[in-house]
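No value in this document is a laboratory result; all are computed from the given coordinates. Treat the numbers as computed from the prediction; the structure is a model and nothing was measured. Cβ atoms come from the backbone with ideal geometry, glycine included; neighbour counts cover every protein chain shown.
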Amino acid sequence: MFRYTDDPVADAEAYYNELARLEEQVPVCCHCNRPVMEDFYYEINDEVICAECMDRHFRKDVIVG
């Protein structure tokens, strides 16, 4: 849990340090190489894929006609 002090600069630095620490603990998307910061990801053939890359690389529209 994050605690605030009377020093906003120190609070901001502590906040960003905590985000960096958490970022090291989450999986990394194999397509964009960014940490997956959402609540879920896709795992296909042992590869981690974020939702954005899943849509960008694998989503296809159904065209009837």
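Using DSSP to define loop residues, name the chymotrypsin sites (Phe, Trp or Tyr not before Pro) in the chain whose beta-carbon has at most 16 other beta-carbon atoms within 10 Å.
Of the chymotrypsin sites (Phe, Trp or Tyr not before Pro), the ones in loops of the chain whose Cβ has at most 16 other Cβ atoms within 10 Å are F2, Y4, F40.
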For the chain, calculated [θ]222 nm from helices alone, where every DSSP H run of n ≥ 4 adds -39500 (n - 2.57) = -11500 deg cm²/dmol
Computed FRET value (nearest 0.05) for I44 with V9, which takes r as the C-beta separation and R₀ as 35 Å | 0.20
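Dividing the convex hull volume of the alpha carbon atoms of the chain by its residue count, what do you get in Å³ per residue?
On the way: hull volume 8.5 nm³, N = 65.
Taking the convex hull of the Cα positions in the chain, it is 130 Å³ per residue.
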Relative contact order for the chain: what is it in percent, counting Cα pairs under 8 Å that are at least 6 residues apart?
-> 19 percent
Once amide hydrogens are built 1.01 Å from N within the peptide plane, the residues lying 5 or more places from V48 or on another chain with amide H under 5 Å from its amide H are C30
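Please give me, ordered by residue number, the GluC sites (Glu not before Pro) of the chain that lie in loop per DSSP and have at most 15 other Cβ atoms within 10 Å. Before the final figure, lay out each step's value.
Working: sites: E13, E18, E23, E24, E38, E43, E47, E52; in loops: E24, E38.
Sparse-neighbourhood loop GluC sites (Glu not before Pro): E24, E38.
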Taking the chain as the reference, fit the longest principal axis to its C-alpha atoms, fit the long axis of helix 8-23 to the helix C-alpha atoms, and give the angle between the two in degrees, 0 to 90, nearest 10.
-> 40 degrees
